[in-house]
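A.B. asks: Sending over a structure as structure tokens; questions will come in a sec.
The values are calculated or read from the model by the stated rules, or taken from the named source; none is laboratory data. Because the structure is a prediction, the values reported are computed rather than measured. A quick note on method: Cβ atoms are made from the backbone with ideal geometry, for glycine too, and the neighbour counts reach across all protein chains shown.
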């Protein structure tokens, strides 16, 4: 297995395992494939930083004209460090603190996506204290079923995100009267890993009707933020090509005079990264009516939490091709949890101690969701550009684990 012009095994020999590995060429190709679908209309592609937040990757998107969709002060810090123009930064999220609002106002971001009446009041207060105006959109919850995993559905009435479409008009009217609020847009994001175009279009149609109601109140909308959510292939999914999605959106937008904002994440980075891990042991537990086979690797649920958290499928491949017989196995890590697995009941070629395996489609929500559970150090991140190997995050060491902690004598 190669990443661009470099053998994955050679990288492992250099940096050790486990590690996340990204292809610069694939990142560029995926960004262009998404962004170019909207050629011909005013638009801004703001990468969802939560999907993959390494500043080297964000910097690559900045160089391609991309902005950022952020959900925390830390993500704002990362985006700025990566060189993303603050006038291309959108701030989403349901729980913005006063400190985070101040940071974003000082930075001069493009828009706050406001998600509640109380958030609007807080933003007015903070902006007044700073003697400035806060540019806002309201995130509208259209109550549309995105037909995705319940944990990554965000556009239903039962989800915590956004303001119900039937209540949003009064908030726009209220915001329009506030001295330190500038109403500029409407935002809508219904979920992640969508594999059909229809939910996007259903939500967009509801938003168009709502924009018409705003216009009747004399509220002009400059930006329409449709969020992200286009899915990728992990297993047998057949998500729409970004250009198919873009064409459907552009057709539905005809007649609307506004700049379109998109917030792609997974669709750009998901299949641009893998997690490389080494087999530590193989074992068979006998008992009951059948034998259970395990491949124990050095990557774990703290490194890639999606299988444990969502029951998510990630293809697993040996780094070197083999014609060994396939066996039904669980691929598990060293963490002291039965829920620590990367795959269950998977048919894989017989593995041997010391061999390398690749967990595929890990570029999105891989490293960004990792932790130090069981006091495990977080892994390295590697970016390959042609034949050049760049360590874009060094592997943590034990001192990193206790940085910020202190010993206290209790008597």
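A.B. asks: Test residue 291 against the criterion of being under 26 Å from the mean Cα position of the chain (by Cα) and at pLDDT below 95, and give yes or no. So that I can check it myself, show each step before the final result.
C.D. replies: Values: under 26 Å from the mean Cα position of the chain (by Cα): no; at pLDDT below 95: yes.
The answer is no for residue 291.
A.B. asks: Also, quick follow-up: Could you run through region 176-202 and say how many residues are under 24 Å from residue 89 (Cα atoms) and buried (at least 21 other Cβ atoms within 10 Å of the Cβ)? Full working, then the answer.
C.D. replies: Quick first cut of region 176-202, residues under 24 Å from residue 89 (Cα atoms) only: 176, 178-194, 200.
From the residues that got through so far, the ones that are buried (at least 21 other Cβ atoms within 10 Å of the Cβ) too are 181, 183, 185-194, 200.
Residues in region 176-202 being under 24 Å from residue 89 (Cα atoms) and buried (at least 21 other Cβ atoms within 10 Å of the Cβ): 13 in total.
A.B. asks: Now, a different point. Residue 365: under 28 Å from the mean Cα position of the chain (by Cα), buried (at least 20 other Cβ atoms within 10 Å of the Cβ), modelled with pLDDT of 95 or more and under 27 Å from residue 313 (Cα atoms), yes or no?
C.D. replies: Working: under 28 Å from the mean Cα position of the chain (by Cα): yes; buried (at least 20 other Cβ atoms within 10 Å of the Cβ): yes; modelled with pLDDT of 95 or more: yes; under 27 Å from residue 313 (Cα atoms): yes.
It is true that residue 365 is under 28 Å from the mean Cα position of the chain (by Cα), buried (at least 20 other Cβ atoms within 10 Å of the Cβ), modelled with pLDDT of 95 or more and under 27 Å from residue 313 (Cα atoms).
A.B. asks: Please specify each residue of region 369-388 satisfying the condition of being closer than 16 Å to residue 310 by Cα and surrounded by 19 or more Cβ atoms within 10 Å (Cβ to Cβ).
C.D. replies: 370, the sole residue that qualifies.
A.B. asks: Follow-up question, since we're still on this one. Being part of a helix (DSSP H, G or I), more than 15 Å from residue 250 (Cα to Cα) and free of Cβ contacts under 8 Å to residues at least 24 places away in the same chain is the filter here, so list the residues in region 190-233 that pass it.
C.D. replies: 209, 212, 215, 216
A.B. asks: Taking region 135-182 on its own, how many of its residues are at pLDDT below 55, out of contact with any helix residue (DSSP H, G or I) (no Cβ under 7 Å at 6 or more places or on another chain) and not in a strand (DSSP E or B)?
C.D. replies: 9
Here is a yes/no grid of residues against (1) in contact (Cβ under 8 Å) with a residue 40 or more places away in the chain; (2) surrounded by 24 or more Cβ atoms within 10 Å (Cβ to Cβ); (3) part of a helix (DSSP H, G or I); (4) in contact with a helix residue (DSSP H, G or I) (Cβ under 6 Å, 6 or more places away or on another chain):
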position	(1), (2), (3), (4)
46	yes, yes, no, no
62	no, no, yes, no
65	no, no, no, no
69	yes, yes, no, no
75	no, no, yes, yes
78	no, no, yes, yes
84	no, yes, no, yes
87	no, no, yes, no
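A.B. asks: Quick one: which of 99, 82 is over 23 Å from residue 123 (Cα atoms) and modelled with pLDDT of 95 or more? Before you say what the answer is, go through the steps one by one.
C.D. replies: On the way: 99 fails: over 23 Å from residue 123 (Cα atoms).
Testing whether each residue is over 23 Å from residue 123 (Cα atoms) and modelled with pLDDT of 95 or more leaves just 82.
A.B. asks: Next up: Just the residues that are under 21 Å from residue 78 (Cα atoms) and in contact with a strand residue (DSSP E or B) (Cβ under 9 Å, 6 or more places away or on another chain), please, taken from region 385-411.
C.D. replies: 390, 391, 392, 393, 394, 395, 396
A.B. asks: So, of the residues in region 89-111 that are in a loop (DSSP other than H, G, I, E, B) and touching a residue at least 24 places away in the same chain (Cβ under 8 Å), which turns out to be nearest to the chain's Cα centre (by Cα)? Walk me through it before giving the result.
C.D. replies: Of region 89-111, the ones in a loop (DSSP other than H, G, I, E, B) are 92-97, 108-110.
Imposing the further condition that a residue be touching a residue at least 24 places away in the same chain (Cβ under 8 Å) reduces the set to 92, 94, 96-97, 109-110.
On the way: 92: 13, 94: 16, 96: 18, 97: 21, 109: 20, 110: 20 Å.
It comes out as 92.
A.B. asks: Considering each residue of region 16-44, count those that are surrounded by fewer than 19 Cβ atoms within 10 Å (Cβ to Cβ) and in a helix (DSSP H, G or I), and give that number.
C.D. replies: Kept after step one, since they are surrounded by fewer than 19 Cβ atoms within 10 Å (Cβ to Cβ), are these residues of region 16-44: 16, 25-26, 28-29, 32-33, 36, 39-42.
So of that shortlist, the ones also in a helix (DSSP H, G or I) come out as 25-26, 28-29, 32-33, 36.
Number of matching residues: 7.
A.B. asks: So is residue 269 farther than 26 Å from residue 352 by Cα, touching a helix residue (DSSP H, G or I) at 6+ places or on another chain (Cβ under 7 Å) and at pLDDT 95 or above or not? Show your work before the answer.
C.D. replies: On the way: farther than 26 Å from residue 352 by Cα: yes; touching a helix residue (DSSP H, G or I) at 6+ places or on another chain (Cβ under 7 Å): yes; at pLDDT 95 or above: yes.
Yes, satisfied.
A.B. asks: Condition check: out of contact with any strand residue (DSSP E or B) (no Cβ under 7 Å at 6 or more places or on another chain), within 24 Å of residue 13 (Cβ to Cβ) and outside any strand (DSSP E or B). Does residue 378 satisfy that? Reasoning before the result, please.
C.D. replies: Details: out of contact with any strand residue (DSSP E or B) (no Cβ under 7 Å at 6 or more places or on another chain): yes; within 24 Å of residue 13 (Cβ to Cβ): yes; outside any strand (DSSP E or B): yes.
So residue 378 passes the test.
A.B. asks: Another question, if that's okay. Do we have any residue at all in region 308-319 that's assigned to a helix (DSSP H, G or I) and in contact (Cβ under 8 Å) with a residue 60 or more places away in the chain? Let's see the steps before the verdict.
C.D. replies: Here is the first cut: in region 308-319, the ones assigned to a helix (DSSP H, G or I) are 308-310.
Checking the rest, the ones that are also in contact (Cβ under 8 Å) with a residue 60 or more places away in the chain come to 309-310.
The answer is yes, given that some residue of region 308-319 is assigned to a helix (DSSP H, G or I) and in contact (Cβ under 8 Å) with a residue 60 or more places away in the chain.
A.B. asks: Kindly establish whether residue 105 is in contact with a strand residue (DSSP E or B) (Cβ under 9 Å, 6 or more places away or on another chain) and not assigned by TED's automatic domain parsing to the domain that holds residue 129.
C.D. replies: Working: in contact with a strand residue (DSSP E or B) (Cβ under 9 Å, 6 or more places away or on another chain): yes; not assigned by TED's automatic domain parsing to the domain that holds residue 129: no.
Answer is no for this residue.
A.B. asks: Can you pull out every residue in region 216-240 that is out of contact with any strand residue (DSSP E or B) (no Cβ under 9 Å at 6 or more places or on another chain) and closer than 17 Å to residue 31 by Cβ? Reasoning before the result, please.
C.D. replies: Taking region 216-240 and keeping what is out of contact with any strand residue (DSSP E or B) (no Cβ under 9 Å at 6 or more places or on another chain), we get 216-218, 232-238.
Answer for region 216-240, where residues must be out of contact with any strand residue (DSSP E or B) (no Cβ under 9 Å at 6 or more places or on another chain) and closer than 17 Å to residue 31 by Cβ: just 232.
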